[in-house]
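Worksheet for the structure shown next.
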Amino acid sequence: MIDTSLGAVVPVLVVAAGAPFVVGLTRTLKARLVGRRGANPWQPYRDLRKLLGKEPVVSATTSWIFRLTPYLLAATMLVAALVIPVVTSRPVLGFAGNAILLMGLFLLGTFFLALAGLDAGSAFGGMGSSREVAVAALAEPTVIVAIFALALRADTIDLGLVVERLGREPSLALNPAHLLAFAAFFIVMLAETGRLPVDNPATHLELTMIHEAMVLEYSGRYLALVEWASAMKLFLFMTLLANLFVPWGVPSTAAPGALALGIAVLAVKLVVLSTALALLETAVAKLRLFRVPELLAGSFALALLSVMAVFLVR
């Protein structure tokens, strides 16, 4: 009973508390790489605390969708933390832990955020919503195909069992086709979380905004929840990259010692991925909007090649 309770509480706490730090660490590393001092990695926590203390200003043209969306976004990310193998390979909702459910949770948040962008009636919100839906329509199939490529090698669609199987047999994870799926998933992560070169989270220019355009009308605690949910989405995608494609060190039990080991291993993996993300965003510029579909089509081709490689090798 204690292990079950820990297995349910610890992943949610890790995702909820660790997500702002991942965002802050990435910003700090980017600043250092370009020769600036930058804010420390704890700055997102201060920003969230300040926003939570402010009174939200809501347009008179909005409906209940605008007010519900921030809470729904945070709730879907917290539920996803119980589906994804975060600190153990057997999450509480592991019995339903497949890519279809996970993408359904992410799409639910994207759908309501797009509605909220339209609900305010601003031109920027409608522009950002249309762009976000277009990107999601191109990115979500790639996620499913990339995870399907791993599932074919592990002979299961359960995310936790995929981690366990690949962890026991390193030859499956060291396959070149595995790297194709990793590259496809990494590109989709950039698109789904609004990172460069698909979107730029550090600007509000009209020609570059996708995610930021949808949340321009939010303020106060509503904006805090939206930003927190966005950070958790980045954390969850990076966790999927870390544990699905580099599955070593993920414990299979929820004992206190095993959970501590899982948290430590996950922290090391996330630091490496955050450094890689900071290096990439420092080295590349944002793509023109009409070039984004080409990038996502290339990621889908990589995922499809990974699937085909499974059958060709057999």
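The values are calculated or read from the model by the stated rules, or taken from the named source; none is laboratory data. Everything numeric in this text was worked out from a predicted model, so none of it was measured. Don't worry about glycine lacking a Cβ; one is built from the backbone with ideal geometry, like all the others, and counts go over all protein chains shown. Surface areas here come from the heavy atoms of the whole protein model, side chains and all, with no ligands, DNA or RNA. Shrake-Rupley method; radii C 1.70, N 1.55, O 1.52, S 1.80 Å.
Brief remarks follow.
- Residues being free of Cβ contacts under 8 Å to residues at least 40 places away in the same chain, more than 19 Å from residue 113 (Cβ to Cβ) and either open to solvent by less than 60 Å² (accessible area, probe 1.4 Å) or in a loop (DSSP other than H, G, I, E, B) (or both) - total across the stretch 44-82: 2
- Condition broken by residue 106, with the remaining ones in (1) more than 30 Å from residue 150 (Cα to Cα); (2) in a helix (DSSP H, G or I) satisfied: (1)
- Selection of first residues in the stretch 12-35 that are of a type in the set (S, T, N, Q) and of second residues that are surrounded by 19 or more Cβ atoms within 10 Å (Cβ to Cβ) and assigned to a helix (DSSP H, G or I), restricted to Cβ pairs under 6 Å at least 6 apart or on distinct chains, gives the following pairs, ordered by first then second residue: 26/274; 26/277; 26/278.
- Residues of the stretch 99-115 that are in contact with an Asp or Glu (Cβ under 8 Å, 6 or more places away or on another chain) and open to solvent by less than 40 Å² (accessible area, probe 1.4 Å): 103, 106, 110, 113, 114.
- Residues of the stretch 139-161 that turn out to be more than 16 Å from the chain's Cα centre (by Cα) and open to solvent by 40 Å² or more (accessible area, probe 1.4 Å), as a count: 4
- Reported count of residues in the stretch 116-138, each being out of contact with any helix residue (DSSP H, G or I) (no Cβ under 6 Å at 6 or more places or on another chain), open to solvent by 60 Å² or more (accessible area, probe 1.4 Å) and at negative phi, is 3.
- Of all residues in the stretch 162-175 being open to solvent by 10 Å² or more (accessible area, probe 1.4 Å) and either in a loop (DSSP other than H, G, I, E, B) or not small (Gly, Ala, Ser) (or both), the one that is nearest to residue 81 (Cα to Cα): 164
- The selection criterion, being at pLDDT below 90 and assigned to a helix (DSSP H, G or I), holds for residue 151.
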